[in-house]
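Trainee: Just dropping this structure here.
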Amino acid sequence: MKPAKKLPAQHAIGVKGEPGQEITLTLSGRLALDNLSALQAELQSRLEQLRPAGLTVDLAGLEYLDSAGALALIQLQGESQARAIPCRLLNLSEEARRILDLIDPETLTRPPLIPEERVTGFMDQLGEASIRFASDLVQVITFLGDLLTSLWYVLLHPRSVRWGDVLFYMKRAGVDGLPIIGLIGLLLGLILAFMSSLQLKQFGANIYVASLLAVAMVQELGPIMTAILVAGRSGSAFAAEIGTMKVNEEVDALVTMGFDPVRFLAIPKVLASMLVVPLLTVYATLFGLLGGLIIGVLGLDLTVYSYVTESQRAIELFDILSSLVKSVVFALLVAGIGCQRGFQVRGGAEAVGSATTSAVVAGIFLIIVTDSAFALVLHYIR
Amino acid sequence: MDKIPVIEVENLTARFGDDTIFAGVSFQVFKGEILVILGGSGCGKTTLLKHLIGLYRPPTGRILINGVDVNSRSAKKLRKLRMDFGVLFQSGALFGSMTLAENVALPLQEYTDLSPAAIGSVVKMKLGLVSLAGYENHLPEEISGGMQKRAGLARAMALDPTVLFFDEPSAGLDPITSVELDNLIKAINAGMGTTMVIVTHELQSIFNIAHRVVMLDKSAKGIIAMGDPKDLKEHSPDLRVTSFFNRQPLEAKEVSA
Ligand SMILES: Nc1ncnc2c1ncn2[C@@H]1O[C@H](COP(=O)(O)OP(=O)(O)O)[C@@H](O)[C@H]1O
Ligand SMILES: [Mg+2]
């Protein structure tokens, strides 16, 4: 073997013969992945310059060949074949032959299979997304229908409910959520009261901080904020739990044992949420009002008494009741969509992940949409 | 063996969207026999099984278990039917939040009016049958994979069904554990006369337990062979069948022939 000239890890190409005649290329040194592109380019250009009548590749000086080097050799053979030049490899070592045999030249030129659905253009994607959205909507509505039917059944047959599970989920969704919901309610009240007090102070209308906060917390922020937190804490958990059961075939097992998966898995979660979310809403609202009270008393020199009476004057019983009704509906939607996303899971762990995300996103979306509807309806009822 | 058909499959087709998985599948399973459904990965064994137990509704075809259509619309018939068969899923499918005893008790609570004490004693007996005596209060995550499958089997057998379905009972088990499970399956079949339909591609299991096999093929989209596995191994004229039983990939066989 020849000692390498400049770099040891290099290949060298020698040419014997005249252009247009029989040509012998001597390939020596190292034919490997790191010099593949140089090698391919050189071989290609030699082939084009020399236009040989016949090609012999002498590999006597070969020191190292990996699959990439072998690829270059096979491509050279392919190129020659395409130009109707007979090409043969000479002095091929046994090891090199084995590597060459592993590569099937036919696989290099096989056109890629066309995957089933490939959506490329913007319009196509838009269409695809719309269709998906529409069919998703249909599924959600179907599921909610199922859920309401089951809830109706449960109302008539309260003994069919797994009350142990309901209690468990009430603790999970409700009791365990108290600290974070209280904290966020308080902070929201503080911030809202502080920001509005900055504005109202200019007009000497300090006392209106109380009514502003009471109206905002009771009518909108209390129910919405609680529902969003429940979507994040519990909607996602429901989706993950049911999704994992789906993946583990536990849902299939339930069906074959004759249980209705909606009644068995979804109803306890939805019922628990519907029972516990109104309470959480009251709790969050009280903490929000407490935040306002703190700002009013410490920052605006209001007395506790005047703050509380002003708040009371701003809120009517109707507001409190409608806010409770709203929170029950939110609970139904958030827990329902969580379960629906769980039941939708097909495949593996990754599908559970996206179901969880989707449960939260769709839950929040539904909350906002429903809240707008409530705003309209309540405006006219009042 | 007395040939009373327990399961009758007639001209069954399975489709996912536009994909036809198989078409025109017909066979019968007779009382007391162990029928193995076999074939390469992805040929639709699980899909067939899920059709048999009524989880998927076929576009065409009919499946009767003990004379009842598994896709019957009558809730009463379905309820009766579901007491008649049990399923051991590939993963065991035990409910993770319940102890083994609660898992096994679930079908008993749903379908019987037994007192909790009576249910408790039945549960203990079933767990004993699958050599899990004493594990009543364990959660599924606290026991090994082989034990989970046995617990799943105990749950499937809770109501003494006449038919048991198994999806890949030996998947994910070491060879010894899987032979133990096979022997348990054989013992239950022999002892209680339960008809069994088992999906698997483990050759060793097939020769150990199968009375008869039904072989599916992905490209044929249907059944390519039916009968005694030893017979098929020796005498099948179909190259796909013999190459499966002799553990030889089809291409290699063609090249050497
Ligand atoms: N829920 C499903 N939706 C769409 N295709 C599926 C579904 N389940 C299985 N398939 C497809 O059906 C074929 C057969 O699957 P399966 O019955 O699980 O095969 P096997 O159990 O024999 O390995 C596979 O190609 C699989 O991709
Ligand atoms: Mg399978």
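Trainee: Which order do you get for A:Cys87, A:Cys339 if you rank them by accessible area with a 1.4 Å probe, largest at the top?
Mentor: Numbers: A:Cys87 35, A:Cys339 0 Å².
Result, largest first: A:Cys87, A:Cys339.
Trainee: Mind checking the per residue accessible area of the range B:101-257 for me, 1.4 Å probe, whole number of Å²?
Mentor: Details: 7250 Å² over 157 residues.
Per-residue value: 46 Å².
Trainee: Relative contact order (percent) for chain A, with alpha-carbon contacts under 8 angstrom and 6 or more residues of separation?
Mentor: Values: 505 pairs, mean separation 63.6, N = 382.
Rounded, it is 17 percent for chain A.
Trainee: Let me ask you something else. Would you please give the residues with an amide H less than 5 Å from that of A:Gln10, counting only those at least 5 places away or on a separate chain, with H modeled from the backbone geometry?
Mentor: Here A:Arg30 satisfy the definition.
Trainee: Relative contact order for the range A:12-109: what is it in percent, counting Cα pairs under 8 Å that are at least 6 residues apart? Intermediate values should be presented prior to the final figure.
Mentor: Details: 150 pairs, mean separation 28.4, N = 98.
This gives 29 percent for the range A:12-109.
Trainee: Could you check which residue among A:Phe168, A:Phe122, A:Phe264 shows the biggest mean-square fluctuation in a GNM of chain A with a 10 Å Cα cutoff?
Mentor: Comparing A:Phe168, A:Phe122, A:Phe264 in the GNM, the peak value goes to A:Phe122.
Trainee: Within 10 Å of each Cβ in B:90-96, how many Cβ atoms from other chains are there, averaged over the peptide?
Mentor: Working: counts 3, 5, 4, 9, 3, 7, 5.
Partner Cβ neighbours, averaged per residue: 5.
Trainee: Select from the range A:223-268 all residues whose loss of accessible area on going from the chain by itself to the full protein assembly reaches 50 Å² or more (probe 1.4 Å).
Mentor: Those are A:Glu249, A:Glu250, A:Asp252, A:Thr256, A:Met257, A:Phe259, which lose 50 Å² or more relative to the chain on its own.
Trainee: Given the rule -39500 (n - 2.57) for each run of at least 4 DSSP H residues, summed and divided by the residues of chain A, what is its mean residue ellipticity at 222 nm, to the nearest 500 deg cm²/dmol?
Mentor: Values: 15 runs with 257 residues, N = 382.
Estimated from H runs of four or more residues: -22500 deg cm²/dmol.
Trainee: Looking only at A:Gly121, A:Gly232, A:Gly61, which one moves most when chain A is put into a Gaussian network model with springs between Cα atoms under 10 Å?
Mentor: With Cα springs under 10 Å in chain A, the top fluctuation among A:Gly121, A:Gly232, A:Gly61 is at A:Gly61.
Trainee: On a 1.4 Å probe surface of the protein chains, which of A:Asp101, B:Asp238, B:Asp174, A:Asp371 comes out largest in accessible area, and what is the full order? Write out the running numbers ahead of the final one.
Mentor: On the way: A:Asp101 100, B:Asp238 35, B:Asp174 75, A:Asp371 15 Å².
The most accessible residue leads, giving A:Asp101, B:Asp174, B:Asp238, A:Asp371.
Trainee: Can you tell me the Rg and Dmax of chain B, counting just the alpha carbons, in angstroms?
Mentor: Over chain B's Cα set, Rg and Dmax evaluate to 18.8, 66 Å.
Trainee: List the trypsin sites (Lys or Arg not before Pro) in the range B:64-96 that DSSP assigns to loop (not H, G, I, E or B) and whose Cβ has at most 10 other Cβ atoms within 10 Å. Which are they? Could the numbers behind the result be given before it?
Mentor: Working: sites: B:Arg73, B:Lys76, B:Lys77, B:Arg79, B:Lys80, B:Arg82; in loops: B:Arg73.
Loop-located and lightly packed - B:Arg73.
Trainee: Can you say what percent of the DSSP beta bridges in the range A:12-109, counting only those with both residues inside, are antiparallel? Round to 5. Working shown, then result.
Mentor: Working: 5 of 17 bridges.
Within the range A:12-109, antiparallel bridges account for around 30 percent of the total.
Trainee: Still on this structure, please answer the following. For B:Lys218, give me every one of the aspartates and glutamates with a C-alpha distance below 16 angstrom, ignoring sequence neighbours fewer than eight places off in its own chain.
Mentor: B:Asp18, B:Asp19, B:Asp238, B:Glu251
Trainee: OK, next. Once you wrap a convex hull around the alpha carbon atoms of the range A:136-381, what is its projected area averaged over all directions, in nm²? The partial results should precede the final answer.
Mentor: On the way: hull surface 59.3 nm².
Directional mean of the projected Cα hull area for the range A:136-381 stands at 14.8 nm².
Trainee: So, in Å, what gap is there between the alpha-carbon centers of the range B:15-60 and the range A:159-231?
Mentor: Centre-to-centre distance over Cα atoms comes out at 54 Å.
Trainee: Going highest first, how would you order A:344-353, B:95-104, B:140-149 by mean Cβ packing within 10 Å?
Mentor: Working: A:344-353: 14.4, B:95-104: 20.2, B:140-149: 17.2.
Averaged packing, sorted descending, gives the order B:95-104, B:140-149, A:344-353.
Trainee: Considering only protein heavy atoms and a probe of 1.4 Å, how much of the accessible area of the range A:136-381 is carbon and sulfur, as a whole percent? Provide the component values of the computation, followed by the final result.
Mentor: Working: 8260 of 11370 Å².
With neighbouring chains kept in place, the figure for the range A:136-381 is 73 percent.
Trainee: From the helices alone, meaning DSSP H stretches of at least four residues, give me the mean residue ellipticity at 222 nm for chain B, per-run term -39500 (n - 2.57), in deg cm²/dmol to the nearest 500.
Mentor: Values: 10 runs with 102 residues, N = 257.
The helix-only estimate for chain B comes to -11500 deg cm²/dmol at 222 nm.
Trainee: Restricting everything to alpha-carbon atoms, can you work out Rg to Rh for the protein assembly as shown with a Kirkwood hydrodynamic radius?
Mentor: Working: Rg = 35.2 Å, Rh = 30.9 Å.
Reported Rg/Rh (Cα atoms, Kirkwood Rh): 1.14.
Trainee: Separate question: Can you give the accessible area per residue of the range A:136-381, in Å², using a 1.4 Å probe? Walk me through the intermediate numbers first.
Mentor: Numbers: 11370 Å² over 246 residues.
That works out to 46 Å² per residue.
Trainee: While we're here: Identify which of A:Leu192, A:Leu366, A:Leu102 has the largest mean-square fluctuation in a Gaussian network model of chain A, with springs joining Cα atoms closer than 10 Å.
Mentor: Top of the fluctuation ranking is A:Leu102.
Trainee: Using a loss threshold of 40 Å², tell me which positions in the range B:66-86 are less accessible in the complex than in their chain alone. Probe radius 1.4 Å, ligands and nucleic acids ignored.
Mentor: Listed in order, they are B:Arg82.
Trainee: With every protein chain kept in place and ligands, DNA and RNA left out, what is the accessible area per residue of the range A:12-109? Probe 1.4 Å, answer in Å².
Mentor: Per-residue value: 54 Å².
Trainee: Go from 0 up to the bin containing the longest alpha carbon distance in the range B:108-239, width 10 Å each, and give me the % of pairs per bin.
Mentor: The distribution over the range B:108-239 is 11, 36, 31, 15, 6, 1, given as percents.
Trainee: To the nearest 10 Å², what's A:Phe365's accessible area with a 1.4 Å probe?
Mentor: For A:Phe365, solvent-accessible area is about 110 Å².
Trainee: For A:Leu62, which sequence-distant residues (separation of 5 or more, or a different chain) have an amide H within less than 5 Å of its own amide H, given hydrogens modelled in the peptide plane?
Mentor: For A:Leu62, whose amide H was placed from the backbone, the distant partners under 5 Å are A:Gly29.
Trainee: Residue by residue, what Karplus-based ³J(HN,Hα) values in Hz, rounded to whole numbers, does the range A:276-286 have, using 6.51, -1.76 and 1.60 with θ = phi - 60° and x for Gly and Pro?
Mentor: These are the phi-based 3J(HN,Hα) values: 9, 5, x, 5, 4, 5, 4, 4, 4, 5, 4 Hz.
Trainee: Further question: Which pairs, out of B:Lys80/B:Lys186; A:Lys246/B:Lys76; A:Lys171/B:Lys50; A:Lys269/B:Lys186; B:Lys45/B:Lys80; B:Lys3/B:Lys186, put more than 29 Å between their alpha-carbon atoms?
Mentor: On the way: B:Lys80/B:Lys186 26 Å; A:Lys246/B:Lys76 26 Å; A:Lys171/B:Lys50 36 Å; A:Lys269/B:Lys186 41 Å; B:Lys45/B:Lys80 26 Å; B:Lys3/B:Lys186 19 Å.
Among B:Lys80/B:Lys186; A:Lys246/B:Lys76; A:Lys171/B:Lys50; A:Lys269/B:Lys186; B:Lys45/B:Lys80; B:Lys3/B:Lys186, the Cα-Cα distance tops 29 Å for A:Lys171/B:Lys50; A:Lys269/B:Lys186.
Trainee: When the accessible area of each residue in the range B:97-114 is compared between its chain alone and the complete protein assembly (1.4 Å probe; ligands, DNA and RNA ignored), which residues differ by at least 10 Å², being lower in the assembly?
Mentor: Listed in order, they are B:Met98, B:Leu106, B:Pro107, B:Glu110, B:Tyr111.
Trainee: Which whole-number percent is the relative contact order of chain B (Cα, under 8 Å, 6+ apart)?
Mentor: Working: 457 pairs, mean separation 61.8, N = 257.
Normalised by residue count, the contact order of chain B is 24 percent.
Trainee: Can you work out the Karplus-derived ³J(HN,Hα) for every residue in the range A:255-270? Use 6.51 cos²θ - 1.76 cosθ + 1.60 with θ = phi - 60°, whole Hz, and x for glycine or proline.
Mentor: Running phi through 6.51 cos²θ - 1.76 cosθ + 1.60 with θ = phi - 60° gives 4, 5, 7, x, 8, 7, x, 5, 5, 6, 9, 7, 4, x, 5, 5 Hz.
Trainee: Could I ask something else about it? Using only atoms on other chains, find how many Cβ atoms lie within 10 Å of each Cβ of peptide A:68-77 and report the average. Walk me through the numbers on the way to the answer.
Mentor: Values: counts 0, 0, 0, 0, 0, 0, 0, 0, 0, 0.
That average works out to 0.
Trainee: Where the centre of each part is set by its Cα atoms, how far does the range A:53-94 sit from the range B:140-168, in angstrom?
Mentor: Their Cα centres are 60 Å away from one another.
Trainee: What total accessible area, in Å², is buried where chains A and B meet, using a 1.4 Å probe and rounding to the nearest 100?
Mentor: Interface between A and B: roughly 1400 Å².
Trainee: Determine Rg/Rh for the range A:12-109; Rg is computed over alpha-carbon atoms and Rh is the Kirkwood hydrodynamic estimate from the same atoms. Walk me through the numbers on the way to the answer.
Mentor: Working: Rg = 12.4 Å, Rh = 13.4 Å.
A ratio of 0.93.
Trainee: Just tell me which lysines come within less than 21 Å, Cα to Cα, of A:Lys16; anything on the same chain fewer than 8 places away is out.
Mentor: A:Lys2, A:Lys5
Trainee: Based on DSSP, what percent of beta bridges with both residues in the protein assembly as shown are antiparallel, to the nearest 5? All intermediate terms of the calculation are to be shown ahead of the outcome.
Mentor: Working: 25 of 54 bridges.
Counting only bridges with both partners in the protein assembly as shown, antiparallel ones make up about 45 percent.
Trainee: Ignoring ligands, DNA and RNA, what percent of the accessible area of the range A:12-109 is carbon or sulfur (1.4 Å)? Walk me through the numbers on the way to the answer.
Mentor: On the way: 2590 of 5270 Å².
Percent of accessible area from carbon and sulfur atoms in the range A:12-109: 49.
Trainee: For the range B:1-142, which whole percent of the accessible surface, found with a 1.4 angstrom probe, sits on carbon and sulfur atoms? Could you put the intermediate results ahead of the total?
Mentor: Values: 3280 of 6460 Å².
C and S atoms contribute 51 percent here.
Trainee: If you don't mind, another one. Between 0 and 90 degrees, rounded to the nearest ten: what's the tilt of helix A:36-50 against the longest Cα principal axis of chain A?
Mentor: Compared with the principal axis, the helix lies near 40 degrees.
The values are calculated or read from the model by the stated rules, or taken from the named source; none is laboratory data. Please read these numbers as outputs of a predicted model, since none were measured by experiment. FYI the Cβ positions are ideal-geometry reconstructions off the backbone, even for glycines, and counts take in every protein chain you see. Accessible surface areas use protein heavy atoms only, side chains included; no ligands, DNA or RNA. Shrake-Rupley method; radii C 1.70, N 1.55, O 1.52, S 1.80 Å.
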